[in-house]
Amino acid sequence: MTGRTRASDRAAEVAALFDGARLTLARHLAGLRKSDLATRVDKSPTAVAAWESGAKRPTAATVAQLALALSVEPGFFAARPDDVAALSATPHFRSLRSTSQLVRDQAFAYGQLATDIATTLERHVEFPEPDVPSHPVTADGDPERAARLVRERWGLGPGPVGHLVRLLENHGVLVVFSPPQTASVDAYSFDSRLRPVVVLNPIKRDYYRQRFDVAHELGHLVMHADAEPGGRVVEDQAHRFAAELLMPAAEIRERLPATMGGRAWLTLARLKEQWGVSMQALLYRARRLGRLGEVSYRNAMATVSARGWRRDEPGLINTIEQPSLLPRAVELLAQEGIDDRILIEQCRVPPDLFRTVTARTPDGTPPALLSPETPGGRVVSLLDRRRPAH
């Protein structure tokens, strides 16, 4: 059987099991409008809308055209056990004005694809069960209380939080880096009802700021399941949650400088390394907790700007925290003889997207090229569990 014949047969199979939601997902991943896709396959936007809604099914020939136009295999459009799109809550993007709806749709589709891949891998491995406390906060609520609840529920104890990405993964949150084409979108999060998801910006390579981003997105997952995303109040609450989670007021207030004279900058530098947050976050915290007055805070931030620290603060740690849940799963399965080619075929996703989703680093370094001593998350191979004990 020739490759063309196999592709034709696959398209015919998919046409019978075609899921319009998968077409929408593929179109969003490609960053296309319905009219753009219609032009590529020489059909009408009305036809595309009908396929996506399920009102009509495309022919096998059209399925093949759609796959080619969207750079996916025909199998991508086949129905899955779960409709990830239907199970996904509205994502929390930082600013709805700075990016177009098309770009946000593309970023969200990537997060949904990551969830889809994780769900497929869970046929072979066991991930930690999702354990994110729900503590809805109203417009005049108390996000600091929500952060203290998480610290208590997760048994963090006093002092700085360690590896924050690993902490979220060990409580069932899927953390991935977004692909370069969605780099204009800052970190965002959503709850898929299959597993909570945090998607990190691949360009932001600052260890200290990344940790605050992760804490910020955790705040959305904890507090804002039903809140309208992107509003100033909601974003401010997520910032306050992150500050309390990483710098509990009861522990850090008296350690923050009350004036910016003398050894204040040395104090900030030490607190930065101890608590794993930026000096700017510490200064904002000092103002929020009443340690610094408004004038002192503004003068300190002017100094930060003059020294070029707004975007590039000095710090000891120059490598960001890296996800391990999916990379560790791929490593475990490779040891069992299930390599990524088999997994890609099972997930029915483009190879480059699979490798981006399952990478530890924003540049997509494959797990197999990393040191075997690199610590992984709590991932258990189901193949190991099925083997009889010796």
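Only the coordinates and a few stated rules stand behind these numbers; no lab work does. Remember, it's a predicted structure, so these values are computed and weren't measured experimentally. All Cβ positions, glycine included, derive from the backbone under ideal geometry; neighbour counts span all protein chains shown.
Quick notes
- Expected 222 nm ellipticity per residue - DSSP helices of 4 or more, -39500 (n - 2.57), all of the chain, to 500: -15000 deg cm²/dmol
- Principal-axis tilt of helix 143-153 within the chain, Cα atoms, nearest 10 degrees: 80
- The value of relative contact order for segment 256-306, using C-alpha pairs under 8 Å at least six residues apart, is 39 percent.
- With Cα atoms, 0 to 90° folded angle of helix 279-288 axis to the chain main axis: 60
- Computed over segment 283-362: relative contact order in percent, which uses C-alpha pairs under 8 Å that are six or more apart: 25
- Total formal charge among the other residues, if their Cβ is under 13 angstrom from that of ARG240, Lys/Arg +1 and Asp/Glu -1: 0
- Cα long-axis angle, helix 264-275 against the chain (0 to 90 degrees, to the nearest 10): 40
- Taking a ≥ b ≥ c as the square roots of the eigenvalues of the Cα gyration tensor, the chain is classed as prolate, since a/c reaches at least 1.5 and a/b is larger than b/c.
- Relative contact order (%) - the chain, alpha-carbon pairs under 8 angstrom, separation at least six: 18
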